[in-house]
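The values are calculated or read from the model by the stated rules, or taken from the named source; none is laboratory data. Since we're looking at a predicted model, the values are computed, not measured. Using ideal geometry, Cβ is built from the backbone for each residue, glycine included, and neighbour counts are taken over all protein chains shown.
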Amino acid sequence: GDSVTQMEGPVTLSEEAFLTINCTYTATGYPSLFWYVQYPGEGLQLLLKATKADDKGSNKGFEATYRKETTSFHLEKGSVQVSDSAVYFCALKNSGYALNFGKGTSLLVTP
Amino acid sequence: DAGVIQSPRHEVTEMGQEVTLRCKPISGHNSLFWYRQTMMRGLELLIYFNNNVPIDDSGMPEDRFSAKMPNASFSTLKIQPSEPRDSAVYFCASSKGQGYNSPLHFGNGTRLTVT
């Protein structure tokens with residue numbers, strides 16, 4: 001079945017460092033791909049999405065490119081801030097209604 | 001937009017007790033999902049409703065769990081009897097439609113602790 005694999009955390013970075021969180025997927029067909037973010041004590045929020053190969057999703061300085069050849073959707077940000085500390089979830093949606101989530105990657109940004 | 005509203009935020013109960021979690025989806029959203037989040041299993045889809053009708057309950061762990069959606073603005077998830085292994089954060093999420101351009105909107109969750 002469909003699945004998403006994320007790099008294990010926690011990831012700890014200093015403020016203004018470059019961020020990469022790896023995400024790979026296994027799916028039949030042409031799924032849509034998503035990154036969600038969960039701040040402490042809150043529910044998940046959609047961060048960005050890409051619906052077809054080579055699409056780049058972007059929001060709040062974060063970017064991810066849908067790479068079908070490598071079945072990847074890595075999340076990047078050029079300069080992280082303390083306020084980016086959160087748990088990040090990669091997810092895919094294939095035909096139908098269900099989102100398949102990865103296990104999540106915890107990010108801690110220190111001043 | 002008030003967002004998805006869940007209550008209570010925290011629930012502590014003893015094993016064997018009945019627990020009811022509540023959810024008010026965003027007005028106009030016709031899809032509603034209940035998820036459970038644990039450290040071990042991550043996010044698991046428990047049940048999915050479309051237009052108030054349960055479409056997929058294959059993720060409901062066992063008969064102790066039940067969910068209802070009596071109308072478009074209210075859903076409940078009930079656990080009876082509760083067990084310590086049910087301790088988790090339970091999220092309700094809603095969306096308008098099911099397609100790729102229908103992002104999920106999550107509530108802030110209910111943290112359930114069963115002692």
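For this structure, a couple of remarks:
- Within segment B:12-33, the set of residues being part of a strand (DSSP E or B) and either under 14 Å from the mean Cα position of the chain (by Cα) or within 16 Å of B:K96 (Cα to Cα) (or both) comprises B:V19, B:T20, B:L21, B:R22, B:C23, B:K24, B:S31, B:L32, B:F33.
- Every residue from segment B:9-50 that is surrounded by fewer than 17 Cβ atoms within 10 Å (Cβ to Cβ), closer than 30 Å to A:S106 by Cα and not hydroxyl-bearing (S, T, Y): B:R9, B:H10, B:V12, B:R22, B:M39, B:M40, B:R41, B:G42, B:E44
- Meets criteria (buried (at least 22 other Cβ atoms within 10 Å of the Cβ) and not in a strand (DSSP E or B)) for B:S75: no
- Condition met for A:L92 (within 12 Å of chain B (Cβ to nearest Cβ), surrounded by fewer than 19 Cβ atoms within 10 Å (Cβ to Cβ) and part of a strand (DSSP E or B)): no
- Subset tally (residues that are within 23 Å of B:P84 (Cα to Cα), of a type outside the set (V, I, T) and in a strand (DSSP E or B)) for segment B:34-67: 12
- Hey, B:Y35 at the interface with chain A (Cβ under 10 Å from one of its Cβ atoms), at pLDDT 95 or above and either touching a Cys at 6+ places or on another chain (Cβ under 9 Å) or closer than 25 Å to A:K103 by Cα (or both) or not: yes
Yes/no matrix, rows are residues, columns are (1) out of contact with any helix residue (DSSP H, G or I) (no Cβ under 8 Å at 6 or more places or on another chain); (2) more than 10 Å from every other protein chain (Cβ to nearest Cβ); (3) over 23 Å from B:S102 (Cα atoms):
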residue: A:E8; (1), (2), (3): yes, yes, yes
residue: A:L19; (1), (2), (3): no, yes, yes
residue: A:C23; (1), (2), (3): yes, yes, no
residue: A:G29; (1), (2), (3): yes, yes, no
residue: A:G57; (1), (2), (3): yes, yes, no
residue: A:E63; (1), (2), (3): yes, yes, no
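The rows are residues; the columns are (1) of a type in the set (A, V, I, L, M); (2) under 16 Å from B:L45 (Cα atoms).
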{"position": "B:S75", "(1), (2)": "no, yes"}
{"position": "B:P81", "(1), (2)": "no, no"}
{"position": "B:R85", "(1), (2)": "no, no"}
{"position": "B:V89", "(1), (2)": "yes, yes"}
{"position": "B:A93", "(1), (2)": "yes, yes"}
{"position": "B:G97", "(1), (2)": "no, no"}
{"position": "B:L104", "(1), (2)": "yes, yes"}
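- Of the listed requirements (1) over 21 Å from B:P8 (Cβ atoms); (2) surrounded by fewer than 16 Cβ atoms within 10 Å (Cβ to Cβ), B:D56 misses just one: (2).
- Restricting segment A:65-76 to residues that are surrounded by fewer than 21 Cβ atoms within 10 Å (Cβ to Cβ), closer than 16 Å to A:L47 by Cα and touching a residue at least 24 places away in the same chain (Cβ under 8 Å), the residue that is farthest from the other protein chains (Cβ to nearest Cβ): A:E76
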